[in-house]
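> The following block contains the structure, expressed as structure tokens.
Since every read-out is calculated from the coordinates, none of them should be taken as a lab result. For clarity, every value in this text was computed on a predicted model and none was experimentally measured. Every residue, glycine among them, receives a Cβ derived from its backbone with ideal geometry; neighbour counts consider all protein chains shown.
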Amino acid sequence: MSVLDLENNWKTYEKLCQRLSNDNLNKLLEYLGERIVMCPATPRTDQYSCEPGGLVQHSLDTTIMMRTLNESLGFNLPIASILKVGLLHDIGKVGDLENDYFVEQDSDWHREKLGQHYKYNEDIQKMSISHRTLFLLNHFGIMLGVDEWIAIQLAQGSHFEENRFYVGSEPSLAILLQMSKSIAIHKERLTQKHN
């Protein structure tokens, strides 16, 4: 991703966040901004958005897909909830308040053989992405409605043990987020395949 792409994506991300008119969200963006900009979405090249700016790109793609599906499926969910959940559901991938979750892979073998450009930072508290996301949002005082909270909790998928309790009773917002993430990831993989 070029520097221009990073800048343009960040401007779009910030502009959409500002539509929520939330001073606490503005504080989160100010505090974590540069780390959000540079954060990859995944550690390996065979996954999706494994590059600086990948988190923002994936969040934008997911949010756009959520808005499209919300309209086409007639869910009529509030745009504010779609923006909040779509843009922030993976913010835990940035890490904690001081340390990054993903750090550059220092093993040439892992980079060359596995395509693992990043590894998990073992120096930060062990926590799932969803829990870290919810922690950061709570820390900055960003209030979530119950459906928003559940959507973020379930964002990484219902296959995780901690999320199985919700299967069959997910709110529409959670289903919309999961569908949109899957489609955004699928579209990126198709693009990678053709390039």
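> Under 10 Å, Cα contacts only: if you run a Gaussian network model on the chain, which one of R67, R164, R35 comes out with the highest mean-square fluctuation?
Of the options given, R164 has the highest mean-square fluctuation.
> Next up: With all distinct Cα pairs included, what does the Kirkwood hydrodynamic radius of the stretch 3-189 come out to in Å, to one decimal, could you say? Walk me through the intermediate numbers first.
Values: mean 1/r = 0.0596 Å⁻¹.
About 16.8 Å for the stretch 3-189.
> In addition: To the nearest 20 Debye, how big is the dipole of the chain about its Cα centre, given +1 on the beta carbon of each Lys and Arg and -1 on that of each Asp and Glu? Write out the running numbers ahead of the final one.
Values: 19 positive and 26 negative charges, 110 e Å.
Dipole about the Cα centre, nearest 20: 520 debye.
> So, one more: Can you list the residues, at least 5 places off or on another chain, whose amide H is less than 5 Å from the amide H of Y118, using H built in the peptide plane?
Those lying under 5 Å, H to H, from Y118 are Q105.
> Anything over 31 Å Cα to Cα? Flag those among K15/K113; K15/K181; K27/K193; K27/K113, in the order listed.
Values: K15/K113 39 Å; K15/K181 21 Å; K27/K193 38 Å; K27/K113 40 Å.
Going by Cα-Cα distance, K15/K113; K27/K193; K27/K113 fall outside the 31 Å limit.
> Checking understanding here: applying a Kyte-Doolittle mean of at least 1.6 and a length along the axis of at least 30 Å (C-alpha), which whole DSSP H helices in the chain pass?
Numbers: long enough: 172-194 (33 Å, -0.09).
Qualifying helices, which must be both long enough and hydrophobic enough, do not occur.
> Under the rule of at least 5 residues apart or a separate chain, name every residue whose amide H is placed under 5 Å from the amide H of G95.
Residues meeting the amide H criterion: Y101.
> Would you work out which of Y118, M143, M38 lies farthest towards the positive end of the dipole of the stretch 3-189, given +1 charges on the beta-carbon of Lys and Arg and -1 on that of Asp and Glu, about the Cα centre?
With unit charges placed on the Cβ atoms, the residue in question is M143.
> Continuing with this model, one more query. Using label points projected 7 Å from each Cα along Cα→Cβ, tell me how many nm separate N121 and E30, to one decimal.
Result: 2.2 nm between the two label points.
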